[in-house]
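Since the structure comes first, as structure tokens, the remarks are kept for the end.
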Amino acid sequence: MGDRGEVILGNRVVPPKEEWQIHNAYRRRIVDMVCEGKDGHIPSAFSIIDIIAVLYQYYLKFDAKNPAWEKRDYFILSKGHGCLALYVVLKEHGFLTENDLNGFCQPDGILGEHPDATKVPGVELSTGSLGHGFSMAVGMALGLRIQNRNNRLFVLVGDGECHEGTVWEAANVANNLQLGNLCVVVDWNGSAAQLMPRDDLPAKWKAFGWETHVIDGHSVTELRQALDRIAFKSVGTPTVIVAKTIKGKGVPLLEGHGTWHHRIPKPDEYKIIMEALA
Amino acid sequence: MSASPIRDQFAQTMLEVGAADSDLVVLVGDISHFKLQPFAQACPGRFYNIGICEPTMVSMAAGLAKVGLIPVAHTIAPFLLERSFEQIKLDFGYHQLGGNLITVGSAFDYANLGCTHHCYDDFALLGNLPGTQLFYPGSAVEFDTLFRQVYRRGRLNLFRLPAIAHQQTWNNDDIIPGKAILVQEGSDLTIITTGPHLTTALAAQDELRQKGFHPEIIYIHTIVPLDRDQLLASVQKTRRILVVEEHVFHGGLSSRVLELVRGIRDLQFSSLCLSNEFATHYGSYEDQCRRVGLTKEGILRHVLEKFSKN
């Protein structure tokens, strides 16, 4: 943290306000996509947009002109229904075009309500059915180690997704194989606790042997601090960042758990949302 | 159950192919661990006993394929295929990734272990996944030859390894993915069979001749893609078909053959296969075969019941 409260990122100094402006611009674009495409999960995307934005802005190695670049880092959105957040960030970094975003949920578009890796540049895995992306990522992490490649893997899972048994199968295997090239970020927005209130996710991940950090998932500073601590060794304890988030973060009308999970704003609601994100 | 020569060949083939191809990685679900030790020793870092979490093992195999490796995932059929079906469908199928699923314990091979360890519908499950090929090698040489030809083809392969091998031998050059093998020429009845029941069909042929039939026996090691040309040529000659298999009718060899010949007129078709029920009786594999009529006597009885000899 700098003298004036700005965030210091490597050689860059980014005032907090600027970071928020960028992320709120992403949020506004997401709302427009949902209104135009007449479908989509706005609150789920708002919950994770700060995490994805930070990963792409400051951590992931990639080449948007060559999404299959063999030295790239891998980002896997295991909670595929949050994909609007990924789409707008991929557009920002040159994987997608404005035209692609305009085609969201359109018959001739490539972007749907869950990401399709066979169509979308920069999307590594086709997710949507929960509990798959993380398990596949464990295989990818093992495969990269077998090949003596030092690419890093970041996987974003939902806390609701952590109801799936395969998440814990994969967590167990990853720790036993000591996949230190793997980092999981859990979007801990309280969805899981709506159904299963005993929801001590940090304790669960620790019990599975993971290096566990709990942070504010909307704080660029805390995200950076947690990510900076990861050693990313080929053989080592895998790391999980349990990111406390707010579903619908940034717009009071959308925040929390309820009817907004999969709803399209009406004109008056659209106005309220955009004013909150101005 | 006695040691299977096909399962032994599986271990030998992994050793030989793995030694030559550094992309081959083998994952097992706590089975065949000791058999595969030669591979594990010869190919360090490419053998993993993932334990009792089959869906994750399948997903991990797809993940290995995603980064350019050639995965083999192996365990008992119901756990690898039925429990993990969504992982197979999405992680391999939807992603268009290549890999190899190798099962033991198909149908009721593990007869005395009960229905939790049976799998009668594996071809039905996987046969509708785009790009997937289904192999049922009934001998060691068939597994070795088929695996070497397809394991890198970039889509999913299923190899169903039976516990019992048939006793026929083929030249390696005659074992071609998607091609049937004409075992016995005949004129008025085509018996299409797969897996160990080639032996059963061959055993029945003399008594069938005594009853006036001249069976043509066609052996299938590739369920998908099916050898349409050879099957159609035989059927158009004999006008009678009997399919003999250890699988339920729908989605197995039986329904696939029936679909193939549905437009042919003046044709008699029947199938000696498994019914849609759990095999809840105990006893040996042979006892199970006797119970469902997958025997020489069962074939003879079935033919006499189903086919009129005008």
If you consider only alpha-carbon coordinates, what radius of gyration and Dmax does the range B:5-160 have, in Å? 14.0, 40
Karplus 3J(HN,Hα) series, Hz, for the range A:212-223 with 6.51 cos²θ - 1.76 cosθ + 1.60 (x for Gly, Pro): 10, 10, 10, 9, 7, x, 10, 9, 4, 4, 5, 4
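Would you work out if the range B:190-261 is rounded, prolate or oblate? Take a ≥ b ≥ c from the square roots of the eigenvalues of the alpha-carbon gyration tensor; rounded if a/c is under 1.5, else prolate when a/b is larger than b/c, oblate otherwise. Spell out each step's value before the answer.
Details: a/c = 1.98, a/b = 1.34, b/c = 1.48.
Oblate shape, in that a/c is at least 1.5 and b/c is the bigger or equal ratio.
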Using a Gaussian network for chain B with springs between C-alpha atoms less than 10 Å apart, which of these wobbles most: B:D121, B:D23, B:D109? B:D23
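What length, rounded to one decimal in nm, is gained on full extension from B:A19 through to B:N49, with 0.36 nm per residue of separation minus their alpha-carbon distance? Walk me through the numbers before you get to the answer.
On the way: separation 30, 0.36 × 30 = 10.80 nm, distance 1.88 nm.
Computed gain between B:A19 and B:N49 is 8.9 nm.
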Applied in sequence order to the range B:35-42, the curve 6.51 cos²θ - 1.76 cosθ + 1.60 (Karplus, θ = phi - 60°) yields integer Hz couplings, x standing for Gly and Pro, of 4, 8, 4, x, 4, 4, 6, 6
Would you mind computing, in nm to one decimal, how far apart the modelled labels at A:I272 and A:Q178 are, each placed 7 Å from Cα along Cα→Cβ? 5.4 nm
Between B:Q210, B:Q37, B:Q288, find the one with the highest GNM mean-square fluctuation for chain B; connect C-alpha pairs within less than 10 Å. B:Q210
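Per the helix-only calculation at 222 nm, which mean residue ellipticity applies to chain A, given -39500 (n - 2.57) for every DSSP H run of n ≥ 4 and division by its residues, nearest 500 deg cm²/dmol? Let's see the in-between values first.
Numbers: 10 runs with 107 residues, N = 278.
Here the helix-only value at 222 nm equals -11500 deg cm²/dmol.
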Counting DSSP beta bridges with both ends in chain B, the antiparallel % (nearest 5): 15 percent
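Could you work out the helix-only [θ] at 222 nm for chain B, with each DSSP H run of four or more residues adding -39,500 (n - 2.57) and the total divided by the number of residues, to the nearest 500 deg cm²/dmol?
Details: 10 runs with 105 residues, N = 310.
Here the helix-only value at 222 nm equals -10000 deg cm²/dmol.
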Ordered by packing density, taken as the mean number of other Cβ atoms within 10 Å over each peptide's residues, highest first, how do B:11-20, A:267-276 rank? B:11-20, A:267-276
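In the range A:7-276, what is the volume of the convex hull around the alpha carbon atoms, normalised per residue and reported in Å³? Before the final figure, lay out each step's value.
Working: hull volume 31.9 nm³, N = 270.
With only Cα atoms used, the range A:7-276 gives 118 Å³ per residue.
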List, in order, the whole-Hz ³J(HN,Hα) value for each residue of the range A:107-115 obtained from phi through the Karplus relation with A = 6.51, B = -1.76, C = 1.60 and θ = phi - 60°; use x for Gly and Pro. x, 9, x, 9, 10, x, 6, 9, x
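Treat chain B as a sphere of radius equal to its Kirkwood radius over Cα pairs and apply Stokes-Einstein at 37 °C in a medium of 0.692 mPa s; give the translational diffusion coefficient in µm²/s, rounded to a whole number. Write down the numbers at each step before the final one.
On the way: Rh = 19.7 Å.
D, rounded to a whole number, is 166 µm²/s.
When a footprinting reagent is the concern and you count Cβ atoms within 10 Å, what order do A:C162, B:C273, A:C105 take, fewest first? Spell out each step's value before the answer.
Numbers: A:C162 27, B:C273 23, A:C105 15.
The order, fewest Cβ neighbours first, is A:C105, B:C273, A:C162.
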Most to least packed among A:228-237, A:112-121, A:83-92 [average Cβ atoms within 10 Å]: A:83-92, A:112-121, A:228-237
Reachable lysines, given that their alpha-carbon falls under 26 Å from the alpha-carbon of A:K38 and they are not under 8 places away in the same chain: A:K79, A:K91, A:K119, A:K247, A:K249, A:K266, A:K271
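Using only Cα atoms, what Kirkwood radius does the range B:60-102 have, in angstroms? Write out the running numbers ahead of the final one.
On the way: mean 1/r = 0.0975 Å⁻¹.
Kirkwood hydrodynamic radius for the range B:60-102: 10.3 Å.
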Choice from B:L101, B:L36, B:L80 with maximal GNM fluctuation in chain B (Cα, 10 Å cutoff): B:L36
Expected sort for B:E246, A:E124, A:E222 with the fewest Cβ neighbours (10 Å cutoff) up front is A:E222, A:E124, B:E246
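FYI, it's all coordinate maths here, none of it is from the lab. Because the structure is a prediction, the values reported are computed rather than measured. Counting neighbours? That spans all protein chains shown, and the Cβs are built from the backbone with ideal geometry, glycine included.
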